[in-house]
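The values are calculated or read from the model by the stated rules, or taken from the named source; none is laboratory data. Note that the coordinates shown come from a computational prediction; the quantities given were computed from them, not determined experimentally. Note: ideal-geometry Cβ built from the backbone for every residue, glycine included; neighbour counts use all protein chains shown. Heads up: the accessible areas ignore ligands, DNA and RNA and are worked out on the full protein's heavy atoms, side chains in. Shrake-Rupley method; radii C 1.70, N 1.55, O 1.52, S 1.80 Å.
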Amino acid sequence: MTYHFQNPSDGVIKQYLKNSKVIAVVGLSDREEATSHRVSKEMQERGYRIIPINPRAAGRKILGETVYASLKDIPFSIDIVDIYRRSEFLPDVARDFLEADATIFWAQLGLENEEAEQILRAAGRDDIVMDRCIKQEHTRLIFGE
């Protein structure tokens with residue numbers, strides 16, 4: 001049987017989006033044509049502070065914000081960790097997430113991983129969204145489109 005993650009209800013996801021201000025984006029590309037860049041730029045334009053996570057670009061700026069090598073390098077609280085890494089890397093991101101001051105683990109559309117879910121739940125973390133595009137969910141649940 002294949003693994004399929006059960007996301008929180010639309011109401012819970014809507015609250016995540018309404019109550020969040022800071023989104024750390026794991027795998028944010030500096031290439032403007034990349035999906036991670038386009039979606040993050042759009043979310044920034046919608047009022048969120050975007051914190052780039054990209055070890056190859058650490059110390060530089062993407063979307064006007066300093067790039068960090070890892071989640072655990074961020075010296076302040078993060079509401080949502082939005083992930084653009086392949087599914088097999090999600091367990092590693094989940095472990096980093098647990099070391100960071102972060103609330104919601106969000107894997108982008110097409111990404112889910114059972115081991116990552118188990119790591120988070122074993123640590124008592126239940127604010128998990130997988131296989132959903134944050135921009136699409138924001139448009140649907142906040143703008144009602």
Q: Consider only pairs whose beta carbons are under 8 Å apart and that are at least six residues apart or on different chains; among these, list those whose first residue lies in region 44-66 and is under 11 Å from A24 (Cα atoms) and whose second residue is surrounded by 13 or more Cβ atoms within 10 Å (Cβ to Cβ) and of a type in the set (D, E).
A: R49/E65; I50/E65; I51/E65; P52/E65; N54/D30
Q: State all residues of region 13-39 that are surrounded by 13 or more Cβ atoms within 10 Å (Cβ to Cβ) and assigned to a helix (DSSP H, G or I); if no residue qualifies, say none.
A: I13, K14, Q15, Y16, L17, T35, S36, H37, R38, V39
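Residues checked against (1) over 13 Å from the mean Cα position of the chain (by Cα); (2) among the basic types (K, R); (3) modelled with pLDDT of 95 or more:
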position: R38; (1), (2), (3): yes, yes, yes
position: I51; (1), (2), (3): no, no, yes
position: R60; (1), (2), (3): yes, yes, yes
position: L63; (1), (2), (3): yes, no, yes
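Against the condition aromatic (F, W, Y), open to solvent by 30 Å² or more (accessible area, probe 1.4 Å) and either touching an Asp or Glu at 6+ places or on another chain (Cβ under 6 Å) or assigned to a loop (DSSP other than H, G, I, E, B) (or both), how does F5 come out, does it pass? Lay out the reasoning, then the answer.
On the way: aromatic (F, W, Y): yes; open to solvent by 30 Å² or more (accessible area, probe 1.4 Å): no; either touching an Asp or Glu at 6+ places or on another chain (Cβ under 6 Å) or assigned to a loop (DSSP other than H, G, I, E, B) (or both): yes.
No: the conditions fail for F5.
Select, from I142, I134, I119, the only residue that is touching a helix residue (DSSP H, G or I) at 6+ places or on another chain (Cβ under 8 Å) and open to solvent by 50 Å² or more (accessible area, probe 1.4 Å). Walk me through how you get there before you give the answer.
Details: I134 fails: open to solvent by 50 Å² or more (accessible area, probe 1.4 Å); I119 fails: open to solvent by 50 Å² or more (accessible area, probe 1.4 Å).
Of I142, I134, I119, the one residue that is touching a helix residue (DSSP H, G or I) at 6+ places or on another chain (Cβ under 8 Å) and open to solvent by 50 Å² or more (accessible area, probe 1.4 Å) is I142.
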(Q) Every residue in region 109-139 that is of a type outside the set (V, I, T), closer than 21 Å to Q44 by Cα and free of Cβ contacts under 8 Å to residues at least 40 places away in the same chain, please. (A) L109, Q136
**Q.** Single condition D82 does not satisfy, out of (1) of a type in the set (D, E); (2) in contact with a strand residue (DSSP E or B) (Cβ under 8 Å, 6 or more places away or on another chain); (3) over 15 Å from P52 (Cβ atoms); (4) surrounded by 14 or more Cβ atoms within 10 Å (Cβ to Cβ)
**A.** (3)
Q | Residue check for S77: more than 11 Å from the chain's Cα centre (by Cα), touching a residue at least 40 places away in the same chain (Cβ under 8 Å) and surrounded by fewer than 21 Cβ atoms within 10 Å (Cβ to Cβ) | A | yes
